[in-house]
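Below you'll find the structure, written out as structure tokens, and then a few comments.
The values are calculated or read from the model by the stated rules, or taken from the named source; none is laboratory data. Owing to the predicted nature of the structure, the values given are computational and were not obtained by experimental measurement. With ideal geometry, Cβ positions are generated from the backbone for all residues, glycine too; neighbour counts draw on all protein chains shown. For accessibility, only protein heavy atoms count, side chains too; no ligands or nucleic acids. Shrake-Rupley method; radii C 1.70, N 1.55, O 1.52, S 1.80 Å.
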Amino acid sequence: LNYFLLGNSSIIFSSLFPIILINFLYKKFSYKHIFIPCLLSFFLIYFLSLNFNGANWQGGGVNYIFSQKLFNNNIYFYFTSFFTISVFIYLILENRSNSIMLITLLFMFFSYQVYQRYYDPMFFIIFFLIIKTNLTKIFFEKKISCYLLLLYFILFYFGTVSKLIYRL
């Protein structure tokens, strides 16, 4: 349970982070209700990390590899999982009907090895078409936010395809 919850949420971080960052830049992300999601997420990640041993594990996506290669520990990996689960709890508190889809998204790939390439396009389809949140409005209001998101993913995929992280 801890492998796929930590791994899947860490993989989703790569797609979710630029959305939150762009909303933060345009001051559309509300910090009023973030304390409870962060607190719940912290306890969940702490509990899951107690029994986590990533030796010979092939999940977690680029964030797990980045954490291992650059820092030689799992702290960055845990942070990415913490961030994703905090935002998911925030989205559930924003609109309760999001809970089924977000929980399904976390539990969708119940495997020891999950590929990040499956999550990225699926996450955008679900997030922009099914999830009911104010975080998507900025992308419909300002074209520049769409270009910023595209630029992020061009840089992200250039870094992962060029295997820059794997050479560290």
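Values for this structure:
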| item | result |
| --- | --- |
| Given (1) within 19 Å of Phe123 (Cβ to Cβ); (2) buried (at least 22 other Cβ atoms within 10 Å of the Cβ), number of the condition Ile45 does not satisfy | (1) |
| Residues of segment 139-168 classified as β-branched (Val, Ile, Thr), under 27 Å from Tyr90 (Cα atoms) and modelled with pLDDT under 90, total | 0 |
| Any hit, segment 51-60, residues being part of a helix (DSSP H, G or I) and either at pLDDT below 90 or surrounded by 15 or more Cβ atoms within 10 Å (Cβ to Cβ) (or both) | no |
| Cβ-Cβ under 8 Å pairs, at least 6 apart or on other chains, segment 3-28 side in contact (Cβ under 8 Å) with a residue 60 or more places away in the chain, far side of a type in the set (D, E, K, R) and open to solvent by 50 Å² or more (accessible area, probe 1.4 Å) | Tyr26/Lys142; Lys28/Lys137 |
| Ser81 being within 21 Å of Asn23 (Cβ to Cβ), small (Gly, Ala, Ser) and either modelled with pLDDT of 85 or more or assigned to a helix (DSSP H, G or I) (or both) | yes |
| Top-ranked residue in segment 62-87 [being without any contact (Cβ under 8 Å) to a residue 24 or more places away in the chain and surrounded by 14 or more Cβ atoms within 10 Å (Cβ to Cβ); ranked as farthest from Leu39 (Cα to Cα)] | Gln68 |
| Some residue of segment 4-22 being among the aromatic types (Phe, Trp, Tyr) and more than 20 Å from Ile130 (Cβ to Cβ) | yes |
